[in-house]
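Reviewing the structure listed below.
What follows is calculated from the coordinates using simple rules that are stated; it is not laboratory data. This structure is a prediction, so every number in the text was calculated from the model and none was measured. So basically every Cβ, Gly included, is an ideal-geometry build from the backbone, and we count neighbours across all protein chains shown.
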Amino acid sequence: MTHLVDFMIIMPLGPQLLRALGMPPTALGQLVFAYTLSAGLTGLALGATIHRFSRRTLLLAVYAGFALALVATFTAGGFAGLLLARVVAGACGGVLSSLVHATVADHVVPERRAAALGKVMTGHALASVIGVPLGLGIASALGWRAPFALLLILVLPLWHVASRCVPRATEALPAAASGPVTGLRGLLAWSPAFALTFAVSASAYALVAYFAPYWLGTVGVGEAGLPFVFLAAGALSLYTSPRLGRLADRHGRLKVFICATLVSVPTIALASRSGPLPTWIAVALGATFLVTLYGRWIPALALLSEWPPHSLRGGFMMTNGVVTQLSMGVGAMLAGRMISIDAAGRLEGFGQVGDAAIVVSLCAILIAWRLARHIAQR
C-alpha cells in the first residue's frame, strides 16, 4: 500500500506543491508523466529479463529503490529535484503493482480471477481511506514533505518483514511465463488488449491528475475538506471493489465493464463541469466520480487476463502494466495542454477534458466488445 499512497498523494498535494516550489499548473502533469514514463520503461526492461531474477531478490531490490525515491522526494529543493525523485519512484513503485497483477493472473483460476483482482484493488481503497487523508492532514500541519518522510518510516520495517517472510521457494517464475524477449515480441502484436488499457487509463487519469486543483479552486471544497473526498472514495471502494469482481465472475467481464463505464459517464460530465458546491455535495460527487473511474478497471483487468495463453500471461500482465503507466502519463500531459488557471485561481478547460474522457470511455466499450468476441472465438 505504501507505493500506492506515494503515487496517489502527489496530485492532492498539487496546490501545496505549486505554492511551495513556485511551479506552473502544467508541472503537475509533468511530474505524473515522469513517474509513469519511468515505470513504463522499467517495466519493459523487466518484462524482457524478469525470468533471470528470483522474485524475492527483485521484490527486495525494487522496494529498497522505492525507499531511496522517498528520500529524494522529501529532500527535493526545487522542481528539478522533485522531477528526478519521481523518476526513481516510478521505476520502483510502478513495477510493484505490475508484479502483483501478474502473480494474481498466473495463480488464480479464471472462474475466481475477477474477484481476486477486486480484492487486490482494495489496496487502492485502503490507500485512499488511510493513506491519502492522513497524508493530507500531515501535510496541512507540517508541510508537503512530511507525508513522504512518514512513508519512509513505514517502508523500512516493511522491507525487513518482507526479507524474512517472502519464501525463497517461490521466488522465480518459469521462463516461459515471465515474458522473455520472444514472448514480448508476440505481446506487442496484441494491440487490441493494449488499446483497451490505453482508453481506460488515459481517460481516467486525464481527469484524476487535475481533480484536486479543480475541486479546490473551482468547486471550492477547501483544503480542509479535500481529504474527506478521498476518505469517502476509499470507503466506498472498499465496498464496491470486491463486489464488482464477483459480479464480473458471475455475469461476465464484458457486461460488467460496459455497465461500469456507462455509470461513469454521467459522473464525469457532472464532475468536470461543476461550479461552486456545498461541501457535503462536493464530497459526495467527488467520491462517486473517483469510485466510478477506478471501478472500471476491475472487469477490464479480468477481461485482459483472458487474452494471452497461460504460458505468456505473466509477461503480458507485466507489459500491460507498462502500457497502463504510459497511458496515465499521456492522459495527464494531454489534459495539461487543455487547462489553465485564471486570476481567481479557478481551473479552466476541465470541462473539455471531461468531454474528451467521455468520448474515449465510450470507445473503450467498443474495444472491449471486440476483444471479448475474439476471446470467445478462440
Classified through the alpha carbon gyration tensor (a ≥ b ≥ c as square roots of its eigenvalues; rounded if a/c is under 1.5, else prolate when a/b is larger than b/c, else oblate), segment 194-283 comes out prolate
For a protection proxy built on the mean count of beta-carbon atoms within 10 angstrom, sort 234-247, 330-343 highest first, please. 234-247, 330-343
Cα gyration tensor of segment 195-246, axes a ≥ b ≥ c as square roots of the eigenvalues: rounded (a/c below 1.5), prolate (a/b > b/c) or oblate? oblate
